[in-house]
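Data block below; observations after.
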Amino acid sequence: MKVPFVDLVTWLRPSREEYLAAFATLLDTGAFIGGPQVAEFETAFAGYTGAAHAVAVKTGTDALLLAMRALGVKPGDEVITAANSFFATAEAISHAGAVPVFADVVDDTLLIDLADLERRITKKTKCIIPVHLFGQIADMPPILALGLTVIEDSAQAHGSTRGGQRAGSIADAAGFSFYPTKNLGALGEGGAITLRDPQVAERVRSLRDHGQAARHDHVEIGYNARLDSLQCAGLSITLRRLDAANAARRKLAARYRQHLANVPGVKLVAEAPDSSPVYHLMIVRVDSSRRDAIRESLAKAGVATAIHYPTPIHLQRAYAHLGQGPGSCPVAERAAKEMISLPMFPDLTVEQVDHVAESLVASLRAV
Ligand SMILES: Cc1ncc(COP(=O)(O)O)c(C=O)c1O
């Protein structure tokens, strides 16, 4: 049996006619940038997340960058984030002119460790970006209680809830990515900021459009970070399927858990109390010395796997100058050597999950 890591083609097929009709509308109107599709999607996405405002932008990286700038992050400020995110979280901090500071994560959930975060707060700390990694929301109440600006990195958590709150509605702002493989994916690049303050929303709208307050009135140096009408039209269509897709992911994750929860040599990411993760990724942890052999054995069984992420951000060469060397975030460093991402997408079948889990158990015995 072949089990791909993701399958976008199958996922997009049921909406094919709707996407084509949306494209036809644009060919008839020519409103490729700033068409009514943009505001329509923003209204729908704000409503979905429960945030007061949503602003569509070109990528998730831009979403974090513009949120930071609009919330007053300035050159020289320090911004604390998790060491085990995708590189873009830190990159956005650097593009805002600020200095990323990497906090370690908790071993069971792999989400930011509050005690380590608090240790890293200095007079220069302006903002915290907890990452809702793999689809599970970080422990937000104690982070919000610190009184700093907080931006949720929700790039992997569309529709996730914790403590009755949805990702994107919890902090001052949130950044979402609509990279095609995300839980809510565009037909290309895409992102959005959700936020609560109307003035900050206005500033984000201005920043994404060259810092204009009105046409040809540039009040600050911004970006071209607008999201195309076509992407917004596609996202409105796909958004209607998000809850069903997340429910399918959760069901498949439960099946994986059923197979793997008590298998010696396999560690799963814990679901925090009162949390309903949306399983952007299905992670297992195995002994680091056997990881490569296990992945090879899975590949031989037809199972595609990946690693998210093999190198924590503080150990990337691009951030060597910050001096947070090996040992500064030991939990993230160890997890990076142990994690394997198993196939996870809404159209994965139960039989495929069974095959992946059984192949993993067999490879643990064999290698
Ligand atoms: C946790 C996280 N943050 C930020 C990003 C950046 O999003 P994008 O690729 O849309 O710029 C991604 C996705 O790639 C991500 O997974």
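Mind ordering 332-341, 137-146 by average Cβ neighbours within 10 Å, highest first?
On the way: 332-341: 19.7, 137-146: 18.1.
Top of the packing list down: 332-341, 137-146.
So what is the orientation-averaged projected area of region 6-113, using the convex hull of its C-alpha atoms, in nm²?
Details: hull surface 39.3 nm².
Mean projected area of the Cα convex hull: 9.8 nm².
Out of all DSSP beta bridges in region 9-239, what portion is antiparallel? Express it as a percent rounded to 5.
The answer is about 55 percent antiparallel.
Taking the beta-carbon count within 10 Å as an exposure proxy, list Phe86, Phe345, Phe41 from fewest neighbours to most.
Details: Phe86 19, Phe345 22, Phe41 27.
Fewest-to-most Cβ neighbours within 10 Å comes out as Phe86, Phe345, Phe41.
Quick one: which residues, 5+ away or cross-chain, put their amide H under 5 Å from the amide H of Thr109? H built at 1.01 Å from N.
Result for Thr109 returns Ala270.
Would you calculate a helix-derived [θ] at 222 nm for the chain, using -39,500 (n - 2.57) for each DSSP H run of n ≥ 4 and dividing by the full residue count, to the nearest 500?
Working: 13 runs with 139 residues, N = 367.
So the calculated ellipticity at 222 nm is -11500 deg cm²/dmol.
For the residues Glu358, Glu78, what sequence is obtained by ranking on other C-beta atoms within 10 Å, fewest first? List each step's numbers first, then the result.
On the way: Glu358 12, Glu78 19.
If I rank by nearby Cβ atoms, fewest first, I get Glu358, Glu78.
Applying the Karplus parametrisation 6.51 cos²θ - 1.76 cosθ + 1.60 with θ = phi - 60° to the phi angles of region 192-208, what ³J(HN,Hα) value in whole Hz is obtained for each residue in order, glycine and proline being reported as x?
Values per residue, Gly and Pro as x: 7, 10, 10, 6, 9, 8, x, 5, 5, 4, 4, 5, 5, 4, 5, 4, 6 Hz.
Please give the per residue volume of the convex hull enclosing the alpha carbon atoms of region 242-366, rounded to a whole number of Å³. Don't skip to the end; give the middle numbers.
Working: hull volume 16.9 nm³, N = 125.
It is 135 Å³ per residue.
Put a dot 7 Å past each Cα toward the Cβ at Arg334 and Thr25; how far apart are the dots in nm?
5.2
How much FRET efficiency would the formula 1/(1 + (r/R0)^6) give for Val9 and Ile307, where r is the Cβ-Cβ distance and R0 is 25 Å, rounded to 0.05? Walk me through the numbers on the way to the answer.
Details: r = 24 Å, r/R0 = 0.95.
Working from the Cβ atoms, E equals 0.60.
Considering only DSSP beta bridges with both partners in region 75-163, what is the antiparallel share in %, to the nearest 5? It would help to have the intermediate numbers written out before the result.
Values: 1 of 13 bridges.
Percent antiparallel among DSSP bridges in region 75-163 is about 10.
For the chain, how big is the tail of P(r) above 29 Å, as a whole percent of Cα pairs? Intermediate values should be presented prior to the final figure.
Values: 27806 of 67161 pairs.
The share of Cα pairs beyond 29 Å in the chain comes to 41 percent.
How far apart, in nanometres, would the label points at Asp292 and Leu268 be if each is projected 7 angstrom from Cα along the Cα-to-Cβ direction?
The answer from the label model is 2.9 nm.
Assuming R0 = 30 Å, what is the FRET efficiency of Ala299 and Asp107, from their Cβ-Cβ distance, to the nearest 0.05? Please list the in-between numbers first.
Working: r = 28 Å, r/R0 = 0.92.
Plugging the Cβ-Cβ distance into 1/(1 + (r/R0)^6) gives 0.60.
Residues with beta-carbon under 12 Å from that of Gly265, excluding Gly265: net charge, scoring Lys, Arg +1 and Asp, Glu -1? Please report the intermediate quantities before stating the final value.
Numbers: positive: Lys267, Arg285, Arg290, Arg291, Arg365; negative: Asp287, Glu338.
Here the count lands on +3.
Along the Cα→Cβ direction, 7 angstrom out, place labels at Ile221 and Met1. What is the inter-label distance in nm?
For Ile221 paired with Met1, the spin-label model returns 5.6 nm.
Throughout, read-outs are computed from the coordinates displayed, never taken from laboratory work. Predicted, not measured: the structure shown is a model, and the values here were computed from it. All Cβ positions, glycine included, derive from the backbone under ideal geometry; neighbour counts span all protein chains shown.
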